[in-house]
Amino acid sequence: MERLDDEAITARLAEVPDWRREGDEIRRTIVAPDFRTAIAIVNDIAEQAEALNHHPDIDIRWRKLHLALTTHDAGGLTQNDFTLALRIDTIAADHAAS
């Protein structure tokens, strides 16, 4: 997968407004209604990550999920990061998380 340049990253970030860029990663925090829902969100993200063969870093703190995406093989952000970010946004919305 080809690494995106800064212009492409800026354009793609406009499509995922809950995500922010930090260096060669994009990050988002999701707040679930409760701990069980947070774990259900992680399970749904895992299914999508496996389907894409692209895996996020996830830090679980009670009902808060801190997520980071980057493509290590490419040394930065690629289309895969933004594809998974969009899927994660859909999962969060499906679980009434913010």
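Every number in this text was worked out from the coordinates using simple rules, so none of it is lab data. Computed from a prediction, not measured in an experiment: that's the story for all the values here. Backbone-built Cβ (ideal geometry, glycine too); neighbour counts: all protein chains shown.
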task = For the stretch 14-39 and the stretch 47-71, write down the distance between their C-alpha centroids in whole Å.
result = 9 Å
ask   = Add -39500 (n - 2.57) for each DSSP H run of 4 or more in the chain, then divide by its residues: what number comes out at 222 nm, to the nearest 500 deg cm²/dmol?
value = -14000 deg cm²/dmol
message = Within 14 Å, Cβ to Cβ, of Leu86, how many net charges do the neighbouring residues add up to if Lys/Arg are +1 and Asp/Glu are -1?
response = -3
Inter-label distance for Ala40 and Leu52, nm, one decimal - labels placed 7 Å from Cα along Cα-to-Cβ = 2.2 nm
key: Under the Karplus curve 6.51 cos²θ - 1.76 cosθ + 1.60, θ = phi - 60°, whole-Hz ³J(HN,Hα) for the stretch 56-68, x wherever Gly or Pro sits   = x, 8, 10, 10, 9, 10, 6, 10, 9, 10, 9, 10, 9
ask   = Which percent of Cα-Cα pairs in the chain sits in each 5 Å bin, short to long?
value = 3, 14, 27, 25, 18, 9, 4, 1
query = How large is ³J(HN,Hα) for each residue in the stretch 42-54, as worked out from phi by the Karplus curve 6.51 cos²θ - 1.76 cosθ + 1.60 (θ = phi - 60°), to whole Hz, x for Gly and Pro?
reply = 4, 4, 5, 4, 4, 4, 5, 4, 5, 4, 8, 6, 9
request  = Report the charge-dipole magnitude of the chain in Debye, nearest 20, computed about the Cα centre from +1 at each Lys and Arg Cβ and -1 at each Asp and Glu Cβ.
outcome  = 460 debye
request  = Could you go through the stretch 5-15 in sequence order and give the Karplus-derived ³J(HN,Hα) for each residue, using 6.51 cos²θ - 1.76 cosθ + 1.60 with θ = phi - 60°, rounded to whole Hz, and x for Gly and Pro?
outcome  = 7, 4, 5, 5, 5, 4, 5, 5, 4, 5, 7
